[in-house]
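S.K.: A single structure is presented below for examination.
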Amino acid sequence: MNHIDRRDFGAVALGAAAATLLHDREAEAQPRRPDAGTPLSPSAAEAAVAPLPFAPASLPGLSERMLVSHHDNNYGGAVRKLNEIRTQLAGADPAQSGAYWSLYGSLKAAELAARNSAVLHELYFGNLAAGQQPPAALATMVTQRFGSLDRLRAQMLGAAKAANGWIVLVADGASRTLEVVQTENHAMGGWSASPLLVLDVYEHAYAIDYGANKPGYFDAFWRNVGWNAVHERATRALARG
Ligand SMILES: [Fe+2]
């Protein structure tokens, strides 16, 4: 099967499974999550640190100490920095920007990194939960696209071992199928793609519990994937077309 054939196959698989996901959509409760987005506002509200959406001692293999540190220091730090940057941007002059260094340009780059860090951390914490299996429609989509859940797992682990950043399963609006995206920092991503399952592979996400044993951390992550959140995100992404 060549590359184009695989893309076509994936697009067909996504379309077939989408109908089942959308059929399920109305029947599901849609509790507000930190990553649910907000209506467009005429003014930018100050970003707020969302609480962990689970009891921090409830995930086997991921310690409360590490999760609380990750949430408070790394995610919380990104949110606080985002607000600080935006305060400084309010007083920076865009007319002073240019091809070489400028305060405005540097602040805009830092704003994007902090903003993406905050969003990705909320998605990451939002897709952690103990003891879940993928809902049937999501499992069907994953199997049709990747061959099996184990093959998706192998792709995400392979990307995780190579990266220091984020690994994200996305619903890609460009290819109309599921893709695994590997990024090296907060500011790179797959435009037009909707994140479904987010994995943090910065050292701060695992070193407290696992040292340099990234595969050990990955095993614990995989045991704690909140598949219901992944299913809800897939449903929302596919509803947007
Ligand atoms: Fe992180």
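S.K.: Lys81: which lysines have alpha carbons under 26 Å from its alpha carbon, excluding same-chain residues fewer than 8 sequence positions away?
M.R.: Counting by Cα, and skipping residues close in sequence, Lys81 has these lysines nearby: Lys108.
S.K.: If you place +1 on the Cβ of every Lys and Arg, -1 on the Cβ of every Asp and Glu, and leave all else neutral, what size is the dipole of the stretch 113-234 about its Cα centre, to the nearest 20 Debye?
M.R.: I would put it at about 240 debye.
S.K.: List the lysines whose Cα sits under 18 Å from the Cα of Lys214, skipping any in the same chain fewer than 8 residues away.
M.R.: Correct list for Lys214: Lys161.
S.K.: Quick one: 3J(HN,Hα) in Hz for the stretch 74-91, Karplus 6.51/-1.76/1.60 with θ = phi - 60°, rounded, Gly and Pro as x.
M.R.: Each residue's phi maps through the Karplus curve to give 8, 5, x, x, 5, 5, 5, 5, 4, 5, 5, 4, 5, 5, 5, 4, 4, x Hz.
S.K.: Using a 1.4 Å probe and ignoring any ligands, DNA or RNA, find the accessible area of Ser69 and quote it in Å² to the nearest 10.
M.R.: Roughly 30 Å² of Ser69 is accessible to a 1.4 Å probe.
S.K.: Within 10 Å of each candidate Cβ there may be at most 14 other Cβ atoms; applying that plus a DSSP loop requirement, which chymotrypsin sites (Phe, Trp or Tyr not before Pro) in the stretch 83-157 survive?
M.R.: Passing both the DSSP loop test and the Cβ count: Tyr100, Trp101.
S.K.: Also, quick follow-up: So what's the net charge close to Gly165: Lys and Arg +1, Asp and Glu -1, counting the other residues with Cβ under 12 Å from its Cβ?
M.R.: Working: positive: none; negative: Glu184, Asp200, Glu203.
Net charge in that neighbourhood comes out at -3.
S.K.: Separate question: Which one of Leu199, Ala159, Thr177 is farthest out on the positive end of the charge dipole of the stretch 153-217, using unit charges on Cβ (Lys, Arg +1; Asp, Glu -1) and the Cα centre as origin?
M.R.: Thr177
The values are calculated or read from the model by the stated rules, or taken from the named source; none is laboratory data. Note that the structure is a prediction, hence the values are computed from the model and not measured. Neighbour counts are summed over all protein chains in view; Cβ atoms, including those assigned to glycine, are modelled from backbone coordinates with ideal geometry. Just so you know, the surface numbers come from the protein's heavy atoms only, side chains and all, with ligands and any DNA or RNA stripped out. Shrake-Rupley method; radii C 1.70, N 1.55, O 1.52, S 1.80 Å.
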